[in-house]
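Please treat every number below as a calculation from the coordinates, not as lab data. Since the model is a prediction, treat every value here as computed from it, not as a measurement. All Cβ positions, even for glycine, are placed from backbone atoms using ideal geometry, and neighbour counts span all protein chains on display.
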Amino acid sequence: MKILFYNHTGQVSGAERLLLMILARLHRDAVEPVVVCPEQDSLAEMVSDLGVPVETLGALEARFTWQVNHLARYCKSFFGVIRQFRRRVITIEPDLIHANSIRAGLVATAATYGLGTRVVWHLHDMLPLHPLSTLIRVFALLSSRTRMIAVSEAVARNFRGRFSSPLKNRVSVILNAIDLEKFRPDQTARRVIRRELRLREADPLIGIVGQLTPRKGQLELLRAFGQALPEMPHTVLLVAGAPLFNRDHEYLKTLERTALELGIRDRVRILGARNDIETIMQALDVLVVNSNVEPFGLVILEAMACGTPVLAAAVDGIPEIIEHDRNGWLVPPQDEGALAEAIIHLSRQPELRARLTEHGKQHVAAHFSAERYLTELQAYYRLSANFNWKALPADSTPGQAEAPKFA
Ligand code: GLC
């Protein structure tokens, strides 16, 4: 079966890392993948390196906004990309389109109007409280050939919103996964990276890894770290990641300024973009995930697999991965005091960290492997392709239908 994967941006963050994992591991005798994505940035090249054919089109420029002039520009971008995408679909003739975001899904469903192509939206994001979110849900509902895969139960619930009953069976959950061969404990890497950072083996190191943006809560972590530091003065905070969008460059400056103002600049290392996250993870004694919105949180799996204990805000998809005080440590979101306390608590208790690490490793291996993921996803594709979507009530989903209903 031929599947067209569409990614609306060429930048590689969590959703694209998952897509690359899928492409690398698809059973090529059963699935013939073709990727359509913008030419800019690194995704097209990375896909091509996997031996998967890529066709490029313009980048989609669209975000949630209240500003009418921006909305008009975004609409123009949508219509331009929809036209280009429709031409690709007509030549590629896929059996199914896997659209790797809500925005990609909107383009794919709109572009295939009248062609009858089945479209699966991969939901990696939470819809914000915004009138456009309601429009998106209605649009999805009205298309009987559109289904959704959510990366967590939290994302599925959020997408269904007030339409929980008609959208109930249209949205299936396939929890994300990682390549466990890439992320595993590695003492040599730990020593190398600590040397690079000029840290001694005994220096306590906590870190946050990911795009620099207010949603990831680096600023609040910095302040919580400032509160905790008098109790653990030798600890260093590592901030890995880069700003991807314009206003996030400002955020980076705010982080640097705040570290100076708090008098902790020498205890904070802002590393910028890194493509050796699996190595950085090894150097950390605790990974902190302090997002205020987090649909899933792939870094949590990556840290667990590398044997690094995780301290995270209990938000959105995160409690579906972490069980508090068993395989990780949870704190209430957006509570700097609680975060500071948890940082002190974990840094004082190596036995606790070792216990969380051990269970974390077991947990990720048992539930979040790429093998489990591809099995579920390919079963979903198989059912989707054989599935007579039209003959069934609009609220049925391939993965959840009963066997006799399939062709
Ligand atoms: C998005 C989400 C992140 C998730 C990733 C992969 O980047 O923000 O939480 O882990 O997609 O699904």
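Within straight-line reach of Lys76, meaning a Cα separation under 13 Å, sit the following aspartates and glutamates at least 8 residues removed in sequence or on another chain: Glu61. The aspartates and glutamates within cross-link reach of Lys2, meaning a Cα-to-Cα straight distance under 15 Å and a gap of 8 or more places when in the same chain, are Asp29, Glu32, Glu55, Glu93, Asp95.
Taking other C-beta atoms within 10 angstrom as a stand-in for reagent exposure, Thr254, Thr146 fall in the order Thr254, Thr146, fewest first.
For the chain, a simple Cβ point-charge model (Lys and Arg +1, Asp and Glu -1, everything else neutral) yields a dipole of about 1060 debye relative to the Cα centre.
Looking at the chain, send over the antiparallel percent of its DSSP beta bridges, to the nearest 5. All intermediate terms of the calculation are to be shown ahead of the outcome.
Numbers: 0 of 44 bridges.
In the chain, approximately 0 percent of DSSP beta bridges are antiparallel ones.
Entry note, the chain: the mean residue ellipticity at 222 nm calculated from DSSP H runs of n ≥ 4, each adding -39500 (n - 2.57), is -13500 deg cm²/dmol after division by the residues and rounding to the nearest 500.
Provide the net charge surrounding Ala72, with neighbours chosen by a C-beta distance below 15 Å and charges set as Lys +1, Arg +1, Asp -1, Glu -1. Intermediate results must be reported in sequence, preceding the final value.
Numbers: positive: Arg63, Arg73, Lys76; negative: Glu61.
Within the 15 Å Cβ shell, the charges total +2.
Sequence-ordered 3J(HN,Hα) estimates for the stretch 351-358 from the Karplus curve with 6.51, -1.76 and 1.60 and θ = phi - 60° stand at 5, 4, 4, 5, 5, 4, 4, 4 Hz, glycine and proline given as x. Rounded to whole Å, the principal axis extents of the Cα atoms in the chain read 64, 48, 41, largest first. What is the Cα centroid distance between the stretch 202-276 and the stretch 1-71, reported in whole angstrom? Answer, in whole Å: 30. How fast does the stretch 9-125 diffuse by Stokes-Einstein, in µm²/s, taking the Kirkwood radius from C-alpha pairs at 10 °C and 1.306 mPa s? Diffusion coefficient, whole number: 107 µm²/s.
Once both axes come from the Cα atoms, what is the angle between helix 102-111 and the longest principal axis of the chain, in degrees from 0 to 90, rounded to 10? Here the helix axis deviates by roughly 10 degrees.
Work out, step by step, the length gained on full extension between Cys75 and Ala379: first 0.36 nm times the residue separation, then minus their alpha carbon distance; give nm to one decimal.
105.9 nm
Which chymotrypsin sites (Phe, Trp or Tyr not before Pro) from the stretch 1-100 combine a DSSP loop assignment with at most 10 other Cβ atoms within 10 Å? The partial results should precede the final answer.
Values: sites: Phe5, Tyr6, Phe64, Trp66, Tyr74, Phe78, Phe79, Phe85; in loops: Phe64, Trp66.
Those satisfying the criteria are Trp66.
Charge tally around Thr188: other residues with Cβ under 15 Å, Lys/Arg +1 each, Asp/Glu -1 each, net 0. Could you work out the percent of alpha carbon pairs in the stretch 178-266 separated by over 17 Å, rounded to a whole number? Of all Cα-Cα pairs in the stretch 178-266, 57 percent lie more than 17 Å apart.
For the chain, the longest stretch holding no GluC sites (Glu not before Pro) located in a DSSP loop with at most 15 other Cβ atoms within 10 Å is which?
Values: sites that count: Glu39, Glu181, Glu201, Glu323, Glu402.
Excluding the exposed sites themselves, the longest stretch runs over 40-180.
Backbone amide hydrogens, once placed in the peptide plane, bring Leu330 within less than 5 Å of Ala312, Asp325, excluding anything fewer than 5 places away on its chain. Taking a point 7 Å out from the Cα of Arg184 in the direction of its Cβ, the residues of the stretch 263-299 whose backbone N falls within less than 18 Å of it are 277-283.
I'd like the trypsin sites (Lys or Arg not before Pro) in the stretch 114-198 restricted to DSSP loop residues with at most 13 other Cβ atoms within 10 Å, sorted by number. Walk me through the numbers before you get to the answer.
Details: sites: Arg118, Arg137, Arg145, Arg147, Arg157, Arg160, Arg162, Lys168, Arg170, Lys182, Arg190, Arg191, Arg194, Arg195, Arg198; in loops: Arg145, Lys182, Arg198.
Answer by residue number: Lys182, Arg198.
Among Ser347, Ser152, Ser133, sorting on how many other beta-carbon atoms sit within 10 Å of each Cβ, with the fewest leading, yields Ser133, Ser347, Ser152. Normalising the average separation of contacting C-alpha pairs (under 8 angstrom, six or more residues apart) by the number of residues puts the relative contact order of the chain at 14 percent. Karplus-derived 3J(HN,Hα) values for the stretch 283-297, using 6.51 cos²θ - 1.76 cosθ + 1.60 with θ = phi - 60°, are 6, 7, 8, 8, 9, 9, 10, 10, 5, 9, 9, 8, x, 9, x Hz; glycine and proline are entered as x.
Scanning residues 5 or more positions from Glu55 or on other chains, those with amide H under 5 Å from its amide H are Val35, Val36, Cys37, with H placed 1.01 Å from N in the peptide plane. If you model the stretch 212-322 as an ellipsoid using its alpha carbon gyration tensor, with each semi-axis the square root of five times an eigenvalue, the axes come out at 21, 17, 14 Å, biggest first.
Here's how it looks for Leu180: its modeled amide H is under 5 Å from those of Ala370, which are all 5 or more places away or on a different chain. Counting other C-beta atoms within 10 Å, and keeping those with at most 16, which DSSP coil chymotrypsin sites (Phe, Trp or Tyr not before Pro) do you find in the stretch 288-373? Passing sites in the stretch 288-373 do not exist.
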